[in-house]
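A.B. asks: Can you keep this structure in mind? I'll have questions shortly.
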Amino acid sequence: MKVDKRKVVIVGTGMVGMSYAYSLLNQSVCDELVLIDVNKKRAEGEAMDLNHGLAFANSSMTIYAGGYGDCSDADIVVICAGVAQKPGESRLDLLKRNAEVFRSIIDPVTSSGFNGIFLVATNPVDIMTRITCTLSGFNPRRVLGSGTALDTARLRYLLGDYLKADPRNVHAYVMGEHGDSEFVPWSQALLATKPILELCNESGDEGCRGRFDEIEEEVRTAAYKIIEAKNATYYGIGMALTRITKAILGDEHSVLTVSAMLRGEYGQRDVYVGVPCIINQNGIQRVLPLSLTEDELDKLGRSCDTLRESFDGIF
Ligand code: NAD
């Protein structure tokens with residue numbers, strides 16, 4: 001991994017791709033940033049716009065609209081490209097079209113000689129990450145998705161607010177599919193080193209457990225609410241992708257809930273799903289198996305079954 005020229009390529013310069021790019025620039029995360037989109041003019045306009053902000057940034061980043069050949073020496077290729085659902089189109093048909101989009105992206109990226117890490121944001125992110133792994137033939141440890149990283153951030157924000165504590169001292173995760181079958185393993189939720197369920201029991205507040213359930217539901221439905229209000233979500237995911245990128249480029253060994261291939265962990269295999277992982281310069285250094293209860297393991301199992309079914313429907 002180079003430290004003198006950290007290079008990121010973004011494929012798909014829509015709202016998500018560009019929120020990520022803007023966040024990368026403001027946090028000075030890389031030295032070279034390449035923007036690729038099927039709509040070349042859009043990528044060129046975005047590169048111009050970002051470059052004009054450089055004079056106000058703390059970084060001397062090189063930013064340009066490029067082509068797949070530029071992936072050859074990249075550290076990370078981040079895929080935010082996708083097509084929107086057509087009226088009346090089924091979820092499976094949308095998935096099939098996005099699989100075709102990915103075919104048109106992954107083949108030229110790998111043909112360039114790219115030997116870095118794939119990071120995927122396109123939804124349904126767990127399935128699209130597995131597709132990326134299959135199409136690229138890369139070691140699954142070098143292919144990850146944003147998974148439940150954003151959901152976990154939403155959970156910590158809401159729990160911090162309820163517990164009147166800094167969300168950074170809340171250690172709790174959203175696991176499973178980035179979608180309807182995701183869940184919070186409450187047995188593993190801590191404030192500093194104190195189990196949150198114990199805090200709840202000791203508080204004498206009858207409504208405490210009910211509030212946790214509401215928070216879990218709020219996290220699960222957050223994207224629907226934002227989309228209803230403003231048609232799309234992008235700032236939060238842009239910052240989540242930036243956090244994952246920093247962990248990779250900085251060889252941080254940070255624990256983040258990304259979409260990772262399970263190979264026996266939690267009794268599951270052949271599925272990409274959101275689980276806490278240690279992230280370093282090689283991508284997923286390892287999946288960190290939490291001590292889930294039987295009930296939580298069942299929830300994870302059901303989420304994995306849903307994801308396997310969707311994948312089998314398209315491949
Ligand atoms: P958008 O429509 O604004 O942008 C998509 C971009 O992809 C467009 O610029 C389009 O030209 C480009 N594109 C389409 N086909 C392409 C191809 N074959 N090659 C290269 N580029 C291509 O959409 P958005 O709001 O930026 O969302 C992008 C994706 O991110 C969606 O799938 C969305 O659901 C997903 N998303 C994920 C999360 C998450 O937590 N993982 C959160 C929000 C959005």
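A.B. asks: Measuring from centroid to centroid over Cα atoms, what is the spacing of the range 126-175 and the range 278-305 in Å?
C.D. replies: Each part's Cα centre sits 11 Å from the other's.
A.B. asks: Using only the alpha-carbon atoms of the range 20-78, report the extent along each of the three principal axes, biggest first, to the nearest angstrom.
C.D. replies: Dimensions of the range 20-78 along the principal axes of its Cα atoms: 28, 24, 16 Å.
A.B. asks: While we're on this one: Each residue of the range 191-207 in turn: what ³J(HN,Hα) in whole Hz from Karplus with 6.51, -1.76, 1.60 and θ = phi - 60°, glycine and Pro shown as x?
C.D. replies: Here the 3J(HN,Hα) series is 10, 6, 10, 9, x, 5, 5, 5, 4, 5, 4, 6, 6, x, 8, 4, x Hz.
A.B. asks: Report in % the part of the accessible area of the chain that belongs to carbon and sulfur, leaving out ligands and nucleic acids; probe 1.4 Å.
C.D. replies: Numbers: 7160 of 14190 Å².
With neighbouring chains kept in place, the figure for the chain is 50 percent.
A.B. asks: In whole Hz, with x marking every Gly and Pro, tabulate ³J(HN,Hα) for the range 112-124 from phi via Karplus 6.51 cos²θ - 1.76 cosθ + 1.60, θ = phi - 60°.
C.D. replies: Whole-Hz 3J(HN,Hα) from phi for the range 112-124: 5, x, 3, 9, x, 10, 8, 10, 10, 10, 4, 8, x.
A.B. asks: Accessible area per residue of the range 1-155 at 1.4 Å probe, in Å²? Each step should come with its number before you reach the end.
C.D. replies: Details: 6390 Å² over 155 residues.
Each residue of the range 1-155 exposes 41 Å² on average to a 1.4 Å probe.
A.B. asks: In µm²/s, what is D for the range 198-315 at 20 °C and 1.002 mPa s, where D = kT/(6 pi eta Rh) by Stokes-Einstein and Rh is the Kirkwood radius from Cα pairs?
C.D. replies: 127
A.B. asks: How fast does the range 106-211 diffuse by Stokes-Einstein, in µm²/s, taking the Kirkwood radius from C-alpha pairs at 20 °C and 1.002 mPa s?
C.D. replies: Values: Rh = 16.0 Å.
The calculation lands on 134 µm²/s.
A.B. asks: On to the next question. Counting only residues 5 or more places away or on other chains, whose amide H sits under 5 Å from the amide H of residue 286 once H atoms are built in the peptide plane?
C.D. replies: 278
A.B. asks: HN-Hα J couplings of the range 150-156 from phi, Karplus 6.51/-1.76/1.60, θ = phi - 60°, integer Hz, Gly and Pro as x?
C.D. replies: Those phi angles translate into 5, 4, 5, 5, 5, 4, 5 Hz.
A.B. asks: Then there is this: Plugging the Kirkwood radius over Cα pairs into Stokes-Einstein for the chain, at a temperature of 10 °C and a viscosity of 1.306 mPa s, what D comes out in µm²/s?
C.D. replies: On the way: Rh = 20.0 Å.
In µm²/s, the coefficient is 79.
A.B. asks: Using only Cα atoms, figure out Rg for the range 229-287 and give it as a multiple of 2.2 N^0.38 Å.
C.D. replies: Details: Rg = 13.3 Å, N = 59, 2.2 N^0.38 = 10.4 Å.
So the range 229-287 has a normalised radius of gyration of 1.28.
A.B. asks: Right, something else. Which log10 I(q)/I(0) values, to two decimals, does the range 203-267 give at q = 0.29 Å⁻¹ under the Debye formula with one point per Cα?
C.D. replies: Relative scattering, expressed as log10 I(q)/I(0), comes to -1.13.
A.B. asks: Report, by chain and number, residues whose modeled amide H sits under 5 Å from the one on residue 120, excluding near sequence neighbours (fewer than 5 apart, same chain).
C.D. replies: 79, 144, 145, 146
A.B. asks: If you wrap a convex hull around the C-alpha atoms of the range 51-166 and split its volume per residue, what is the figure in Å³?
C.D. replies: Details: hull volume 21.1 nm³, N = 116.
It comes to 182 Å³ per residue, whole-number rounded.
A.B. asks: For the chain, what does the helix formula give at 222 nm: sum of -39500 (n - 2.57) over DSSP H segments with n ≥ 4, over the residue count, nearest 500 deg cm²/dmol? Kindly include the intermediate steps, with their values, before the conclusion.
C.D. replies: Working: 9 runs with 141 residues, N = 315.
Counting only the DSSP helices, I get -15000 deg cm²/dmol.
A.B. asks: Turning to a different aspect of this structure: Find me the longest stretch of the chain that has none of the exposed trypsin sites (Lys or Arg not before Pro), where exposed means in a DSSP loop (not H, G, I, E or B) with at most 16 other Cβ atoms within 10 Å.
C.D. replies: Values: sites that count: 2, 5, 164.
Counting at most 16 other Cβ atoms within 10 Å as exposed, the longest clean stretch of the chain is 6-163.
A.B. asks: Taking amide H positions as placed 1.01 Å from N in the peptide plane, with prolines and chain starts having none, which residues 5 or more places from residue 62, or on another chain, fall under 5 Å of its amide H?
C.D. replies: Residues meeting the criterion, in which the H sits 1.01 Å from N, are 32, 33.
A.B. asks: Quick check: the angle from helix 125-136's long axis to the longest principal axis of the chain, C-alpha only, nearest 10 degrees?
C.D. replies: Relative to the chain, helix 125-136 is tipped by roughly 40 degrees.
The values are calculated or read from the model by the stated rules, or taken from the named source; none is laboratory data. Since the structure is predicted, the reported quantities are computational estimates derived from the model, not experimental observations. With ideal geometry, Cβ positions are generated from the backbone for all residues, glycine too; neighbour counts draw on all protein chains shown. Areas reflect the complete protein model, heavy atoms only, side chains present, ligands, DNA and RNA absent. Shrake-Rupley method; radii C 1.70, N 1.55, O 1.52, S 1.80 Å.
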